[in-house]
Amino acid sequence: MKMAAPGLRLGMRRLLEVSAALGRVCRAYSTPQAFAEVLRLPRRQLTKLVYPLQELEQHLAPDARSDLCLRVFDPSLEDLARAESFFTASPRNRIEYLSSAVRLDHAPDLPRPEVCFIGRSNVGKSSLIKALFSLAPEVEVRVSQKPGHTKKMNFFKVGKYFTLVDMPGYGYRAPEDFVDMVETYLKERRNLKRTFLLVDSVVGITKTDNIAIEMCEEFALPYVMVLTKTDKSSKGHLLKQVLQIQKFVNMQTQGCFPQLFPVSAVTHSGIHLLKCFIANITGNLDSRLPV
Ligand code: GDP
């Protein structure tokens, strides 16, 4: 009996540890982005979370509605659910950080289609990538490199489907070699299918964003504008910014996808739609999409 007690205690502790770990996993998977739960939401909440532009449209005057590009990419809920599976980690669908590179010739040589995320520092890029990988809680997304630290491109493998690249954040103090690195990657990466250019929806398009836009235009890259932090503004301010950015895209860009992607890493609004778009762009889904 005396001998059994410590063993029993140890066993109990292990059991508690295992159930705590299981609890953590369950919590991670029961966040609003678990799609079965999303489908159970009331209609209005579901639209707001899954099709944020359509929700915004309802607050627009009828004559302004035609300005907003809403349904170029308009996947069904079934397609959105299918796209979730690509972003869900499992032993058969490994989602993991692969490597970092400071030069294109150090980048992993991968045959899979690739998408990259670029934006100025603090735009919410790390938070967005974390939100995209929320069903792969083991993936470690490095938060913004501090000024002075080497800025790197980080490569993530998403199963056998595609590679996602987190490009270093740019800003006024971006050193020349950093600009060279981003430019060379954008110009020469052969398997790059789409560039996701992040713009802060609270601030709108800044001078720094314009430099990135000009770069995408100059290299004739197909790119997409993602509007971050949409939970931060009032509906009125967000609508104003969305319409202004839409006008800019319609009038002043060639390579930009006409439909904007507003997202929030906090509420996860727009995240499912973005995942589905990526699944389409990389050739893994075939929703209604003129690519
Ligand atoms: P990065 O420098 O582009 O990687 O930006 P981060 O992801 O580190 O975000 C910069 C700051 O904005 C942090 O304080 C984040 O918590 C905040 N942030 C990022 N995304 C969101 C969002 O969707 N909503 C809100 N409210 N804050 C955000």
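Quick notes on this structure:
- Conditions (1) open to solvent by 50 Å² or more (accessible area, probe 1.4 Å); (2) out of contact with any strand residue (DSSP E or B) (no Cβ under 8 Å at 6 or more places or on another chain); (3) not in a helix (DSSP H, G or I); number of the one not met by His268: (1)
- Given (1) among the polar types (S, T, N, Q); (2) at pLDDT 95 or above; (3) in contact with a helix residue (DSSP H, G or I) (Cβ under 7 Å, 6 or more places away or on another chain), number of the condition Ser287 does not satisfy: (2)
- Filtered residues of region 111-127 (kept if of a type in the set (Ser, Thr, Tyr) and over 18 Å from Leu98 (Cβ atoms)): Ser121, Ser127
Listed here are the residues, each with its yes/no results for (1) away from the ligand (no atom under 16 Å from the Cβ); (2) among the β-branched types (Val, Ile, Thr); (3) assigned to a strand (DSSP E or B); (4) touching a residue at least 40 places away in the same chain (Cβ under 8 Å).
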residue	(1), (2), (3), (4)
Glu96	yes, no, yes, yes
Asp105	yes, no, no, no
Pro137	yes, no, no, yes
Glu140	no, no, no, yes
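- Scan of region 93-103 for residues that are modelled with pLDDT of 95 or more and among the charged types (D, E, K, R), ordered by number: Arg94, Glu96
- Qualifying residue in region 223-236 (condition: touching an Asp or Glu at 6+ places or on another chain (Cβ under 7 Å), assigned to a helix (DSSP H, G or I) and not small (Gly, Ala, Ser)): no
- Within region 193-239, restricting attention to residues that are open to solvent by 30 Å² or more (accessible area, probe 1.4 Å) and aliphatic (A, V, I, L, M), the residue that is modelled with the lowest pLDDT is Ile211.
- Evaluating Leu49 against the criteria (1) part of a strand (DSSP E or B); (2) at pLDDT 95 or above; (3) crowded, with 17+ Cβ neighbours inside 10 Å leaves one unmet condition, (1).
Condition check ((1) more than 19 Å from the chain's Cα centre (by Cα); (2) modelled with pLDDT of 95 or more; (3) of a type outside the set (Lys, Arg)) across all residues:
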site	(1), (2), (3)
Leu60	yes, no, yes
Asp105	yes, no, yes
Val115	no, yes, yes
Ala131	no, yes, yes
Glu140	no, no, yes
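The values are calculated or read from the model by the stated rules, or taken from the named source; none is laboratory data. Being a predicted model, the structure only gives us computed values, none of them experimental. Methodologically, a virtual Cβ is constructed for each residue, glycine included, from the backbone with ideal geometry; neighbour enumeration extends over all protein chains shown. Ligands, DNA and RNA are excluded from the accessible area calculation, which covers all protein heavy atoms including side chains. Shrake-Rupley method; radii C 1.70, N 1.55, O 1.52, S 1.80 Å.
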